[in-house]
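> I'd like to ask some things about the structure below.
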Amino acid sequence: MGWSSYPDTVKQKVVNEIITNRYWADGVEVAKHSLRGRQLWLLLRSTNNDGTQQHFISLAIVESDRRDSAVNVKHISESCGPAYYNCPLSFVMQASPVEPDSFADNWRKKVVEYHKNRKKASSTYIPEGARIANGNQTLELQGKHSRGWRLAIDVDTAMTFRISTRTLNQFVRQNKVTLPDGNDNNNVNHANDNHESASTC
């Protein structure tokens with residue numbers, strides 16, 4: 001599906017419109033939604049004529065165009081195999097079964113794998129002694145300081161720093177971490193929000 005443009009508006013207004021049931025065809029309603037950056041994930045509930053219901057996932061890419069004071073939207077159904085995988089895992093768990101080895105089935109497997117890799121990317125999996133290259137500064141990772149924080153020592157000045165889990169994972173994604181065995185963090189299991197350039201539809 002192509003892009004739709006909404007002139008003279010802002011992103012949040014368009015999002016608020018998409019998550020209302022009147023936006024969708026008769027018999028389709030929004031069961032859940034989650035906005036993650038420009039990606040609006042939707043768990044939709046479809047009611048058939050016999051009263052049975054099915055749940056399926058759809059993605060709305062919502063982008064602001066400040067030059068034209070417009071918002072552009074593109075809808076991608078899971079049946080097209082969106083090239084984005086940060087859909088809430090709970091949506092996949094609640095969605096109705098799909099045909100094995102279909103685009104939707106393979107896409108759901110990638111979503112599950114994405115979340116599995118993100119869990120592995122937690123800084124608790126980065127061992128003590130790992131070194132972080134931060135500009136002209138080299139930090140050596142120590143033990144935990146408190147929940148959500150790690151300690152690191154500047155190898156040149158011996159000054160101690162606290163690093164949040166979020167910041168540490170950013171260092172991992174930027175390939176700035178070297179493990180104690182000398183390998184760089186390409187060997188650290190991690191996943192970020194990057195995506196391929198297109199879906200199958």
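Please treat every number below as a calculation from the coordinates, not as lab data. The structure displayed is predicted, hence computed values, not measured ones. Cβ placement follows ideal geometry from the backbone for every residue including glycine, while neighbour counts extend to all protein chains displayed.
> In this model, which of 109/144; 74/176; 13/116; 32/144; 13/176; 74/110 are farther than 28 Å apart at the alpha-carbon?
Exceeds cut-off: 109/144; 74/176; 13/116; 32/144; 13/176.
> If you wrap a convex hull around the alpha carbons of the stretch 1-154, what volume per residue comes out, as a whole number of Å³?
171
> How would you rank 68, 26, 105, going from fewest to most other Cβ atoms within 10 Å of each one's own Cβ?
Result, fewest neighbours first: 26, 68, 105.
> Using the crude model of +1 on Lys and Arg Cβ and -1 on Asp and Glu Cβ, and no other charge, please compute the dipole size for the stretch 3-119 relative to its Cα centre, in debye to 20.
640
> Going by the alpha-carbon gyration tensor, a ≥ b ≥ c the square roots of its eigenvalues, is the stretch 123-178 rounded (a/c under 1.5) or, if a/c is not under 1.5, prolate (a/b greater than b/c) versus oblate?
oblate
> Relative to the Cα centre, what is the charge dipole magnitude of the stretch 28-82, using +1 at the beta carbon of each Lys and Arg, -1 at the beta carbon of each Asp and Glu, and rounding to the nearest 20 debye?
240
> Can you give the charge dipole size of the stretch 123-178 about its Cα centre, rounded to the nearest 20 debye, using +1 on the beta carbon of Lys and Arg and -1 on the beta carbon of Asp and Glu?
In total the dipole reaches around 320 debye.
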